[in-house]
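A quick write-up on the structure given underneath.
The values are calculated or read from the model by the stated rules, or taken from the named source; none is laboratory data. All values reported here derive from a predicted model rather than from experimental measurement. Positions of Cβ are backbone-derived with ideal geometry, glycine not excepted, and every protein chain shown enters the neighbour counts. What goes into the accessible areas is simple: the full protein's heavy atoms, side chains included, and nothing from ligands, DNA or RNA. Shrake-Rupley method; radii C 1.70, N 1.55, O 1.52, S 1.80 Å.
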Amino acid sequence: MRIALADYAGPVGDPSFDSCEITVDHGTTTSPLIPFQLQVSIDPVTPADHQEMLDKFVADGLGPSTEVPGLGDAAHFVGAGFLQVLDDDRVLRVQGGGDENAIQLARLVLPRLRHLAPAPEAGTEPACDAVTAQAEAVLGAPATTRRDRQTVDELRCEWSGGRETVSATVRGYGDEVGRMWAMDLPGAEPIHVGGLRDNGVYMPTGGIYFWMGHQQVTMYLRHRPHVSAGDRDALIGLADAFAPSLLDIAPRVGPPKKPAEGVSPEAMRPRAL
């Protein structure tokens, strides 16, 4: 068995997470490569915060959560193979490979949570700074906290004030699954961004997917909490502010990192939740 590790940025928000992807190669042609997305919260999380996250998953269409006994203070499946665990004041998320594999991986990680290195210092990226005024228009006030991250193929930006957060994820490749998911959500609305027609999807729950350059570059904007009647136009304004520079600021994958023997390059590509 071979293990490949890949870092990726985020997700950012309230709270933000450190993230990685673990790919397991069993070394046979009959066992597919199994990627696990593993995330640990950077910021302290209360039981009320944990429940709020579970409620957001329902609002975003992932379905009701199912309690999993015997893990941390509270553990729930919020989708097939998507496990979220509250332990003391940190949240662990595992996704991929099926329910039983998620539970096994959580059992390995939970005893180590308290010994992980401190969270990295908050930093900002110039591409995110350039649209801070439009992000603050969504917040309705100056951002009190900034936290941006850049990895090999993702740029994430975060602006927050109190409990309100705006985040942006830029990927240098298309995300057809994300777009299809967005269009299927209740109340989803096609929108025009950056002078193109129907290249975006607005979600009344507080999200926008849009893409530029023949669908080669994708951005996902997220605002929480979101009131569609008052916040929609400001969120679309943030998308329009990003659009002219999107092809220039999007991280590029190539040339890819050399994978471990037996692990395909596709298996090493980070995948966000």
Exercise. May I ask you to verify whether Gln84 is part of a helix (DSSP H, G or I) and modelled with pLDDT of 85 or more?
Key: no
Quiz prompt | The one condition in (1) open to solvent by 70 Å² or more (accessible area, probe 1.4 Å); (2) part of a helix (DSSP H, G or I); (3) closer than 15 Å to Ile42 by Cα; (4) not basic (Lys, Arg) that Leu110 fails to fulfil | solution = (1)
Quiz item: How many residues does region 87-105 hold that are in contact (Cβ under 8 Å) with a residue 40 or more places away in the chain, more than 19 Å from Ile42 (Cβ to Cβ) and not in a helix (DSSP H, G or I)?
Solution: 2
Exercise. Look through Leu33, Leu62 and report the one residue that is modelled with pLDDT under 75 and closer than 23 Å to Asp184 by Cβ.
Key: Leu62
Quiz prompt | Single residue of Ser228, Ser245 found to be within 15 Å of Gln134 (Cβ to Cβ) and polar (S, T, N, Q) | solution = Ser245
Quiz prompt | Cβ pairs under 7 Å, 6+ apart, first in region 219-239 and part of a loop (DSSP other than H, G, I, E, B), second modelled with pLDDT of 90 or more | solution = His226/Gly206
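Return the residues of region 61-75 that are out of contact with any Gly (no Cβ under 8 Å at 6 or more places or on another chain) and open to solvent by less than 30 Å² (accessible area, probe 1.4 Å); say none if nothing qualifies. Let's see the steps before the verdict.
Keep residues of region 61-75 that are out of contact with any Gly (no Cβ under 8 Å at 6 or more places or on another chain), which gives 61, 64-75.
If the condition is that a residue be out of contact with any Gly (no Cβ under 8 Å at 6 or more places or on another chain) and open to solvent by less than 30 Å² (accessible area, probe 1.4 Å), then Val68, Leu71, Ala74, Ala75 are the ones that fit.
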Quiz item: Across region 199-253, which residue is farthest from Thr124 (Cα to Cα) among those that are charged (D, E, K, R) and open to solvent by less than 40 Å² (accessible area, probe 1.4 Å)?
Solution: Asp231
